[in-house]
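Colleague: Take a look at this one; I'll ask things after.
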Amino acid sequence: MNDNNTKRLSRLAAIITQLQTTRLVTATNLAERFSVSIRTIYRDIRALEQAGVPVLTEEGKGYYMMEGYRIPPLMFTENQANALILAEQLVLKNKDQSFVKDYCEAIDKIKAILRDSGKDKVNLLGERTRFAQNVNRERNSNNISELQYALTNFLLISIDYMNKEDLSSNRIVEPFALVSTTENWLLIAWCRLRKEFRYFRLDRISKMVVMTEKFEPHKMTLQEYFDKFN
(Lines give C-alpha, C1' and ligand atoms only; values in the text may rest on other atoms or scores of the structure.)
Protein backbone atom coordinates (compact mmCIF):
# COMPACT_ATOMS: atom_id res chain seq x y z
CA MET A 1 0.00 0.00 0.00
CA ASN A 2 1.48 3.35 -1.01
CA ASP A 3 1.72 6.37 1.26
CA ASN A 4 -1.26 8.17 -0.34
CA ASN A 5 -3.53 5.17 0.26
CA THR A 6 -2.32 4.89 3.86
CA LYS A 7 -3.04 8.57 4.46
CA ARG A 8 -6.48 8.24 2.91
CA LEU A 9 -7.40 5.22 5.02
CA SER A 10 -6.23 7.09 8.11
CA ARG A 11 -8.30 10.12 7.08
CA LEU A 12 -11.41 8.01 6.41
CA ALA A 13 -11.13 6.47 9.88
CA ALA A 14 -10.65 9.93 11.38
CA ILE A 15 -13.70 11.25 9.49
CA ILE A 16 -15.82 8.43 10.97
CA THR A 17 -14.56 9.38 14.43
CA GLN A 18 -15.34 13.04 13.79
CA LEU A 19 -18.86 12.21 12.58
CA GLN A 20 -19.43 10.17 15.74
CA THR A 21 -17.98 12.93 17.93
CA THR A 22 -19.96 15.89 16.56
CA ARG A 23 -23.67 15.96 15.83
CA LEU A 24 -23.23 17.88 12.56
CA VAL A 25 -20.04 18.65 10.63
CA THR A 26 -19.54 20.48 7.32
CA ALA A 27 -17.27 19.56 4.42
CA THR A 28 -15.43 22.83 5.02
CA ASN A 29 -14.76 21.88 8.66
CA LEU A 30 -13.43 18.47 7.60
CA ALA A 31 -11.29 19.95 4.81
CA GLU A 32 -9.69 22.39 7.24
CA ARG A 33 -9.17 19.74 9.90
CA PHE A 34 -7.41 17.32 7.55
CA SER A 35 -5.72 19.93 5.32
CA VAL A 36 -7.30 18.70 2.08
CA SER A 37 -9.67 20.20 -0.47
CA ILE A 38 -13.44 20.18 -0.09
CA ARG A 39 -13.57 18.10 -3.29
CA THR A 40 -11.42 15.45 -1.55
CA ILE A 41 -13.84 15.40 1.40
CA TYR A 42 -16.77 14.89 -1.01
CA ARG A 43 -14.92 11.88 -2.48
CA ASP A 44 -14.18 10.54 1.01
CA ILE A 45 -17.83 10.81 2.06
CA ARG A 46 -18.91 8.95 -1.09
CA ALA A 47 -16.34 6.24 -0.35
CA LEU A 48 -17.70 5.83 3.16
CA GLU A 49 -21.27 5.63 1.86
CA GLN A 50 -20.25 3.00 -0.70
CA ALA A 51 -18.58 1.02 2.09
CA GLY A 52 -21.89 0.93 3.98
CA VAL A 53 -21.16 3.60 6.58
CA PRO A 54 -24.50 5.38 7.19
CA VAL A 55 -23.41 8.99 6.61
CA LEU A 56 -26.47 11.23 6.22
CA THR A 57 -26.72 14.78 4.86
CA GLU A 58 -28.72 17.65 6.29
CA GLU A 59 -29.26 19.90 3.28
CA GLY A 60 -27.24 23.07 3.49
CA LYS A 61 -25.88 22.26 6.97
CA GLY A 62 -23.54 19.28 6.83
CA TYR A 63 -23.08 15.60 7.51
CA TYR A 64 -24.03 13.43 10.46
CA MET A 65 -23.96 9.77 11.41
CA MET A 66 -27.12 7.70 11.65
CA GLU A 67 -28.13 7.37 15.30
CA GLY A 68 -27.09 4.03 16.73
CA TYR A 69 -24.05 3.55 14.48
CA ARG A 70 -20.95 3.66 16.64
CA ILE A 71 -17.95 1.64 17.64
CA PRO A 72 -18.54 -0.91 20.42
CA PRO A 73 -19.40 1.16 23.50
CA LEU A 74 -17.36 1.71 26.58
CA MET A 75 -19.45 2.67 29.57
CA PHE A 76 -18.72 6.00 31.22
CA THR A 77 -20.75 7.66 33.91
CA GLU A 78 -21.55 11.30 33.23
CA ASN A 79 -19.13 12.40 35.96
CA GLN A 80 -16.34 10.25 34.47
CA ALA A 81 -16.88 11.77 31.03
CA ASN A 82 -16.87 15.24 32.60
CA ALA A 83 -13.59 14.49 34.38
CA LEU A 84 -11.98 13.55 31.07
CA ILE A 85 -13.13 16.81 29.50
CA LEU A 86 -11.72 18.77 32.43
CA ALA A 87 -8.43 16.91 32.02
CA GLU A 88 -8.44 17.88 28.34
CA GLN A 89 -8.41 21.57 29.34
CA LEU A 90 -5.34 20.93 31.50
CA VAL A 91 -3.58 18.97 28.75
CA LEU A 92 -4.12 21.80 26.26
CA LYS A 93 -1.73 23.90 28.37
CA ASN A 94 1.07 21.36 27.90
CA LYS A 95 4.05 22.60 25.88
CA ASP A 96 4.59 19.27 24.09
CA GLN A 97 2.40 19.52 21.01
CA SER A 98 2.71 15.82 20.12
CA PHE A 99 1.30 14.92 23.54
CA VAL A 100 -1.53 17.42 23.12
CA LYS A 101 -2.34 16.01 19.66
CA ASP A 102 -2.41 12.39 20.89
CA TYR A 103 -4.57 13.24 23.90
CA CYS A 104 -7.06 15.27 21.85
CA GLU A 105 -7.38 12.44 19.31
CA ALA A 106 -8.02 10.01 22.17
CA ILE A 107 -10.69 12.32 23.60
CA ASP A 108 -12.34 12.50 20.14
CA LYS A 109 -12.59 8.69 20.15
CA ILE A 110 -14.14 8.74 23.60
CA LYS A 111 -16.66 11.40 22.55
CA ALA A 112 -17.50 9.31 19.49
CA ILE A 113 -18.97 6.48 21.57
CA LEU A 114 -21.25 8.71 23.61
CA ARG A 115 -24.91 9.08 22.80
CA ASP A 116 -25.98 12.35 21.22
CA SER A 117 -27.15 13.75 24.57
CA GLY A 118 -23.78 12.87 26.10
CA LYS A 119 -21.92 14.54 23.22
CA ASP A 120 -23.91 17.71 23.73
CA LYS A 121 -23.02 17.75 27.41
CA VAL A 122 -19.28 17.12 27.08
CA ASN A 123 -19.01 19.61 24.23
CA LEU A 124 -20.83 22.23 26.31
CA LEU A 125 -18.53 21.54 29.25
CA GLY A 126 -15.47 21.84 27.02
CA GLU A 127 -16.70 25.22 25.81
CA ARG A 128 -17.55 26.43 29.33
CA THR A 129 -14.27 25.52 31.08
CA ARG A 130 -11.09 27.61 31.10
CA PHE A 131 -7.78 26.82 32.76
CA ALA A 132 -4.87 29.18 33.45
CA GLN A 133 -1.57 27.59 34.47
CA ASN A 134 -1.28 27.59 38.25
CA VAL A 135 1.89 28.82 39.91
CA ASN A 136 0.69 27.91 43.40
CA ARG A 137 -1.33 25.03 44.76
CA GLU A 138 -5.03 25.70 44.32
CA ARG A 139 -7.09 26.23 47.45
CA ASN A 140 -9.17 23.24 48.44
CA SER A 141 -12.65 22.61 47.11
CA ASN A 142 -14.77 19.54 46.63
CA ASN A 143 -17.53 20.74 44.32
CA ILE A 144 -16.29 20.47 40.74
CA SER A 145 -18.00 17.18 39.85
CA GLU A 146 -21.38 18.33 41.13
CA LEU A 147 -20.96 21.73 39.46
CA GLN A 148 -20.14 20.10 36.14
CA TYR A 149 -23.27 18.00 36.41
CA ALA A 150 -25.44 21.01 37.27
CA LEU A 151 -23.88 23.09 34.49
CA THR A 152 -24.45 20.54 31.73
CA ASN A 153 -27.96 19.64 32.89
CA PHE A 154 -29.03 23.28 33.49
CA LEU A 155 -29.91 22.67 37.13
CA LEU A 156 -30.12 25.42 39.74
CA ILE A 157 -27.78 25.14 42.69
CA SER A 158 -28.12 26.47 46.21
CA ILE A 159 -24.87 27.58 47.83
CA ASP A 160 -23.86 28.89 51.22
CA TYR A 161 -21.16 31.39 50.27
CA MET A 162 -18.61 33.26 52.37
CA ASN A 163 -17.48 36.56 50.86
CA LYS A 164 -14.09 38.22 51.40
CA GLU A 165 -15.45 39.98 54.52
CA ASP A 166 -16.29 36.52 55.93
CA LEU A 167 -20.02 37.20 55.71
CA SER A 168 -22.11 34.19 54.76
CA SER A 169 -25.20 34.21 52.55
CA ASN A 170 -27.34 31.70 50.75
CA ARG A 171 -27.61 32.10 46.99
CA ILE A 172 -29.63 30.37 44.29
CA VAL A 173 -27.52 30.51 41.14
CA GLU A 174 -27.57 29.34 37.53
CA PRO A 175 -24.14 27.80 36.80
CA PHE A 176 -22.66 29.09 33.54
CA ALA A 177 -18.94 28.28 33.43
CA LEU A 178 -15.92 27.08 35.41
CA VAL A 179 -12.68 29.04 35.22
CA SER A 180 -9.34 28.35 36.86
CA THR A 181 -7.17 31.34 37.80
CA THR A 182 -3.62 31.28 39.10
CA GLU A 183 -4.97 30.54 42.58
CA ASN A 184 -8.58 29.36 42.54
CA TRP A 185 -11.32 27.61 40.66
CA LEU A 186 -14.14 30.08 40.02
CA LEU A 187 -17.77 29.47 39.19
CA ILE A 188 -19.38 32.01 36.86
CA ALA A 189 -23.11 31.96 37.54
CA TRP A 190 -26.24 34.09 37.28
CA CYS A 191 -27.10 35.03 40.85
CA ARG A 192 -30.84 35.27 41.38
CA LEU A 193 -30.32 37.34 44.52
CA ARG A 194 -28.18 40.03 42.82
CA LYS A 195 -29.82 39.56 39.40
CA GLU A 196 -26.49 39.57 37.57
CA PHE A 197 -23.58 37.32 36.69
CA ARG A 198 -21.15 36.84 39.56
CA TYR A 199 -17.88 35.00 40.20
CA PHE A 200 -17.87 32.56 43.14
CA ARG A 201 -14.65 31.07 44.50
CA LEU A 202 -15.15 27.35 45.00
CA ASP A 203 -13.14 27.31 48.23
CA ARG A 204 -15.59 29.85 49.71
CA ILE A 205 -18.61 27.59 49.11
CA SER A 206 -19.25 25.96 52.47
CA LYS A 207 -22.32 24.02 51.36
CA MET A 208 -23.83 23.26 47.97
CA VAL A 209 -27.01 21.48 46.89
CA VAL A 210 -27.86 20.66 43.28
CA MET A 211 -31.58 21.33 42.94
CA THR A 212 -34.07 19.48 40.74
CA GLU A 213 -35.37 22.73 39.20
CA LYS A 214 -33.99 23.56 35.78
CA PHE A 215 -33.16 27.00 34.37
CA GLU A 216 -33.24 28.34 30.82
CA PRO A 217 -29.78 27.93 29.20
CA HIS A 218 -27.94 31.19 28.60
CA LYS A 219 -27.62 31.88 24.88
CA MET A 220 -23.98 32.87 24.70
CA THR A 221 -20.55 31.26 24.66
CA LEU A 222 -17.93 31.73 27.35
CA GLN A 223 -15.89 33.93 25.02
CA GLU A 224 -18.95 36.09 24.33
CA TYR A 225 -19.38 36.43 28.10
CA PHE A 226 -15.77 37.61 28.49
CA ASP A 227 -16.16 40.04 25.58
CA LYS A 228 -19.30 41.50 27.11
CA PHE A 229 -18.45 41.67 30.81
CA ASN A 230 -14.64 41.96 30.97
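The values are calculated or read from the model by the stated rules, or taken from the named source; none is laboratory data. The structure presented is a predicted model; accordingly, all values stated were derived computationally and were not measured. So basically every Cβ, Gly included, is an ideal-geometry build from the backbone, and we count neighbours across all protein chains shown. Note: areas computed on protein heavy atoms with side chains; ligands, DNA, RNA excluded. Shrake-Rupley method; radii C 1.70, N 1.55, O 1.52, S 1.80 Å.
Colleague: If you take the residues of segment 42-61 that are part of a loop (DSSP other than H, G, I, E, B) and within 16 Å of GLN18 (Cα to Cα), which of them is most open to solvent (accessible area, probe 1.4 Å)?
Modeller: Across segment 42-61, the extreme among qualifying residues is LYS61.
Colleague: State yes or no: is ILE107 modelled with pLDDT under 70 and farther than 24 Å from HIS218 by Cα? Lay out the reasoning, then the answer.
Modeller: On the way: modelled with pLDDT under 70: no; farther than 24 Å from HIS218 by Cα: yes.
So ILE107 fails the test.
Colleague: I'd like the full set of residues that are touching a residue at least 40 places away in the same chain (Cβ under 8 Å) and assigned to a helix (DSSP H, G or I), limited to segment 17-41.
Modeller: Matches in segment 17-41: THR17, GLN18, LEU19, GLN20, THR21.
Colleague: Let me ask something additional. Here's a check for you: in segment 185-224, which residue that is touching an Asp or Glu at 6+ places or on another chain (Cβ under 6 Å) and more than 14 Å from LEU151 (Cα to Cα) is most open to solvent (accessible area, probe 1.4 Å)?
Modeller: Across segment 185-224, the extreme among qualifying residues is LYS207.
Colleague: Select from segment 124-151 the residues that are open to solvent by 80 Å² or more (accessible area, probe 1.4 Å) and farther than 27 Å from LYS219 by Cα and write down the one among them that is modelled with the highest pLDDT. Before the answer, list the steps.
Modeller: Let us first name the residues in segment 124-151 that are open to solvent by 80 Å² or more (accessible area, probe 1.4 Å), namely 127, 130, 133, 135-137, 139-140, 142, 146, 149.
With the extra rule that they be farther than 27 Å from LYS219 by Cα, the set shrinks to 133, 135-137, 139-140, 142.
Values: GLN133: 52, VAL135: 43, ASN136: 48, ARG137: 47, ARG139: 52, ASN140: 53, ASN142: 73.
Selected residue: ASN142.
Colleague: Using beta carbons and a limit of 7 Å, which pairs, at least six apart or on different chains, have the first residue in segment 80-106 and more than 17 Å from ALA14 (Cα to Cα) and the second one open to solvent by 80 Å² or more (accessible area, probe 1.4 Å) and at pLDDT below 70?
Modeller: Once the first residue is more than 17 Å from ALA14 (Cα to Cα) and sits in segment 80-106, its partners that are open to solvent by 80 Å² or more (accessible area, probe 1.4 Å) and at pLDDT below 70 give LYS93/GLN133.
Colleague: Still on this model: What do you reckon, is PHE154 open to solvent by less than 50 Å² (accessible area, probe 1.4 Å), within 23 Å of LYS214 (Cβ to Cβ) and either in contact (Cβ under 8 Å) with a residue 40 or more places away in the chain or polar (S, T, N, Q) (or both)?
Modeller: no
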